[in-house]
Amino acid sequence: MIRMESVTKRYPDGTVAVDRLSLEIPDRSITVLVGPSGCGKTTTLRMINRMVEPTEGTIRLDGADLQGQPLTTLRRSMGYVIQNAGLFQHRTIIDNIATVPRMIGWGRQKSRERAAELMERVGLDASLGKRYPYQLSGGQQQRVGVARALAADPPVLLMDEPFSAVDPVVRKGLQDELLRIQDELGKTIVFVTHDIDEAIKLGTMVAVMRTGGRLAQFAPPAELLSNPADDFVEDFLGADRGIRRLSFFPSAGLELTTGPVVRVDATTEQLTAPDLPYLLVTDADGRPLGWAEPRDLTAGDIAVEGLLSYGRPFVPGTDSLRAALDCAVLSPTGWAVAVDADGRVTGVVSQQTIGEAIRTAHGTGEPAAPQSTAPQSTAPQSGGAQAGDGQPSGSAGVTKVGP
Ligand SMILES: Nc1ncnc2c1ncn2[C@@H]1O[C@H](COP(=O)(O)OP(=O)(O)OP(=O)(O)O)[C@@H](O)[C@H]1O
Ligand SMILES: [Mg+2]
């Protein structure tokens, strides 16, 4: 664990970049430092690998004061990734990644093998190894930067706005990749960004800093969203705090109903029996085709062209309550369509049921799993599916479900 105890950095010109900062950075998770430009994020990060020395206070790594540790050992235990990757322009990709292994005396062959292995890990095609950095896209270069930092397998990764220079789509890919790598490798990552959404997506813990190098709040993202410490943090979090917090609640507990679901070859009886204003038609495999009013459907010969869009379905267990709500809001009937991993319909759920689950989630601060007793005859839009007593399900605590 990295522990900062009342750390202050005053630069020679008198600028106080970091002011009595105390932080406990947990092992094997991502801690994000976020805050406006000039609030001391980079300075804080650089004090961890001693590129910058604190003026006051102590930083400990696994209990030992960093001051007592040889710089070379320290730096080797900490990979460092910066914006624009900071690659050596005159070296090939393979040689860039192999830099540290070569430096610490691994043979040429072993270093290159390691580099090739890392290219695969960060999602780079092996054929790019012979290229030079200028022959790669920004996103690819950033992946090389991550691979290079991981090359000597350091327990700690320090990342300073590593994804800021790429477009939003590539950035999302890099973020997902980092989460995947973190899942596999379990590094202790300190990640700097000024983008609060990136912080919320990546962070296990998020330190919000304010100008003057002061800590405003240090909390898991779900807690930041539900309980911002003050106006500064609330402002910094931006709009839609409540909606965004729903990302931390699973949709798995939502009670689904199959009442309105019919197959494309449904009989007259199957079309009329449910007595509902809308039915969801699926193909013979159970994949959604669209909504329709029963009177517009011809038994045995449903015209697929005439169906209303079913919007985007959600996957209970994978997607969050936010995703489920989004599906319901976008659905022409107000009902969200749930599918399994293969895209087959497992049921539908009304806005009202989702609303009940949201109230439960906000109320308890825990993932909601309403024990619904949705009557099969309940019509879409009349929204009769009840959320029941809204008992939270077995799993306690707030977990990140999906972006
Ligand atoms: N070498 C230096 N000498 C004097 N002041 C410095 C030095 N480096 C940084 N500063 C000042 O310290 C403060 C914090 O800088 P720092 O680079 O840590 O901020 P930051 O949060 O990383 O900002 P950004 O988001 O713009 O990268 C700023 O006011 C900056 O001008
Ligand atoms: Mg910076």
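The values are calculated or read from the model by the stated rules, or taken from the named source; none is laboratory data. These numbers were taken from a predicted model, which means no experiment stands behind them. Heads up, the Cβs are rebuilt from the backbone with ideal geometry, glycines too, and the neighbour counts pull from every protein chain shown.
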Could you tell me whether the stretch 8-21 includes any residue that is assigned by TED's automatic domain parsing to the domain that holds Val156, among the β-branched types (Val, Ile, Thr) and more than 14 Å from ligand 1 (Cβ to nearest atom)?
no
Can you report the number of residues in the stretch 114-141 which are of a type outside the set (Gly, Ala, Ser) and either in contact with a strand residue (DSSP E or B) (Cβ under 8 Å, 6 or more places away or on another chain) or within 16 Å of His90 (Cβ to Cβ) (or both)?
8
Mind listing whichever residues of the stretch 291-332 are closer than 18 Å to Thr272 by Cα, part of a loop (DSSP other than H, G, I, E, B) and not small (Gly, Ala, Ser)?
Glu293, Leu297, Thr298, Asp301, Ile302, Leu307
For residues in the stretch 142-190 being within 16 Å of ligand 1 (Cβ to nearest atom) and out of contact with any Asp or Glu (no Cβ under 8 Å at 6 or more places or on another chain), which is nearest to Thr73 (Cα to Cα)?
Leu158
Only one of Gly86, Gly79, Gly40 is closer than 23 Å to Lys201 by Cα, in the same structural domain as Ser6 (by TED's automatic domain parsing), surrounded by 14 or more Cβ atoms within 10 Å (Cβ to Cβ) and within 15 Å of ligand 2 (Cβ to nearest atom). Can you tell me which?
Gly40
Positions within the stretch 331-365 being under 12 Å from Ser251 (Cα atoms) and at pLDDT below 85, in sequence order
Ala361
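Quick check: is even one residue across the stretch 195-202 charged (D, E, K, R), more than 30 Å from Val122 (Cβ to Cβ) and in the same structural domain as Tyr80 (by TED's automatic domain parsing)?
Keep residues of the stretch 195-202 that are charged (D, E, K, R), which gives 195, 197-198, 201.
In the following step, the residues that additionally are more than 30 Å from Val122 (Cβ to Cβ) were identified as none.
The answer is no, given that none of the residues of the stretch 195-202 is charged (D, E, K, R), more than 30 Å from Val122 (Cβ to Cβ) and in the same structural domain as Tyr80 (by TED's automatic domain parsing).
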Tell me, please, whether a residue that is touching a residue at least 40 places away in the same chain (Cβ under 8 Å) and either more than 30 Å from Thr188 (Cα to Cα) or in contact with a Leu (Cβ under 7 Å, 6 or more places away or on another chain) (or both) can be found in the stretch 223-236.
no
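Please work out which residue is surrounded by the fewest Cβ atoms within 10 Å (Cβ to Cβ), limiting yourself to the stretch 146-170 and to residues that are outside any loop (DSSP other than H, G, I, E, B), more than 16 Å from ligand 2 (Cβ to nearest atom) and in contact (Cβ under 8 Å) with a residue 12 or more places away in the chain. Steps first, answer last, please.
The initial filter retains those residues of the stretch 146-170 that are outside any loop (DSSP other than H, G, I, E, B), namely 146-150, 156-160, 168-170.
Within this subset, residues satisfying the condition of being more than 16 Å from ligand 2 (Cβ to nearest atom) are 146-150, 156-157, 168-170.
If we keep only those that are in contact (Cβ under 8 Å) with a residue 12 or more places away in the chain too, we end up with 146-150, 156-157, 170.
Working: Val146: 25, Ala147: 29, Arg148: 27, Ala149: 25, Leu150: 22, Val156: 20, Leu157: 23, Val170: 17.
Applying the filter and picking the extreme gives Val170.
Residues checked against (1) exposed (fewer than 15 other Cβ atoms within 10 Å of the Cβ); (2) closer than 15 Å to Val208 by Cα:
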site: Leu225; (1), (2): no, yes
site: Arg244; (1), (2): no, no
site: Gly259; (1), (2): no, no
site: Asp265; (1), (2): yes, no
The one condition Ala216 fails out of (1) in contact with a helix residue (DSSP H, G or I) (Cβ under 6 Å, 6 or more places away or on another chain); (2) at pLDDT 90 or above; (3) crowded, with 21+ Cβ neighbours inside 10 Å is (3)
